[in-house]
Amino acid sequence: MTPRFRLHRRGASLTVPMGKPMETCMKIRQTTFALAAIAGASLLAACGGSDSSAPEADAAAPAAEEVVLDNGMTPKEQIELRQGQLKKMGKAFKTISDQLKASEPDMAAIQAAAASVPVESEGMADWFPAGTGPDSGVKTDALPAIWEQPDLFTEKLSDFQMAAGGLATAAETGDLAAIGAAFATTGGTCKSCHETFREDD
């Protein structure tokens with residue numbers, strides 16, 4: 001789920017014109033950060049969204065509202081809670097992406113958004129209790145594989161949380177290049193998880 005960006009790639013080199021080297025270098029740096037933001041954002045778009053466009057009940061299973069999970073919530077309530085948390089992370093990712101693409105990134109905004117993701121994702125494994133999949137009668141993009149392969153799913157969630165922590169740490173340094181790389185890495189963990197556990201839009 002991890003693209004990396006350098007000014008020099010294998011088989012290609014970037015030449016800075018002699019006229020205005022400083023101005024040109026600044027433009028190159030901004031372009032590099034923007035590319036990292038775009039790549040990371042494309043991977044994180046699904047990660048930060050809800051696991052479905054809307055938590056509508058399926059007419060084929062109207063009894064979903066009557067079912068009570070072990071945590072005392074109905075499947076609909078749990079799925080809505082899950083979607084709400086994912087939307088919060090999505091908002092944070094969008095902030096980071098927008099700022100990395102800006103000509104003058106707001107570092108304070110990036111740092112605040114990056115710091116919020118590990119907090120919002122805490123206890124993420126508990127967002128997917130048994131009974132909150134497609135068979136619940138509530139619209140969700142979460143695939144049955146989540147409950148069929150719990151160990152692998154937990155591993156993927158752990159990878160994401162670790163990457164999110166790395167993103168927050170990178171943001172604290174104020175180094176835009178490091179932030180861009182960590183942002184792309186986080187997006188990579190999302191993609192890896194979604195390939196197995198999330199229904200394609």
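Here's a check for you: in the stretch 125-148, which residue that is part of a helix (DSSP H, G or I) and of a type outside the set (A, V, I, L, M) is surrounded by the most Cβ atoms within 10 Å (Cβ to Cβ)? Per the stated criteria, the residue is 136.
Here residue 179 meets the list (1) modelled with pLDDT under 95; (2) surrounded by 18 or more Cβ atoms within 10 Å (Cβ to Cβ) almost entirely, failing just condition (1).
Can you go through 155, 122 and tell me which one is out of contact with any His (no Cβ under 9 Å at 6 or more places or on another chain), more than 19 Å from residue 195 (Cα to Cα), surrounded by fewer than 14 Cβ atoms within 10 Å (Cβ to Cβ) and not hydroxyl-bearing (Ser, Thr, Tyr)?
122
Any residue in the stretch 149-167 that is part of a loop (DSSP other than H, G, I, E, B) and closer than 19 Å to residue 78 by Cα? No - not one qualifying residue is present in the stretch 149-167. For the stretch 97-119, the criterion of being under 21 Å from residue 84 (Cβ atoms) and assigned to a loop (DSSP other than H, G, I, E, B) is met by none of the residues.
Considered as a group, the residues in the stretch 172-201 that are acidic (Asp, Glu) and part of a helix (DSSP H, G or I) include one that is farthest from residue 125 (Cα to Cα), and that residue is 172.
The values are calculated or read from the model by the stated rules, or taken from the named source; none is laboratory data. Just so you know, these numbers come straight off a predicted model, no measurement behind them. Reconstructed Cβ throughout: ideal geometry from the backbone, glycine too, with neighbour counts over all protein chains shown.
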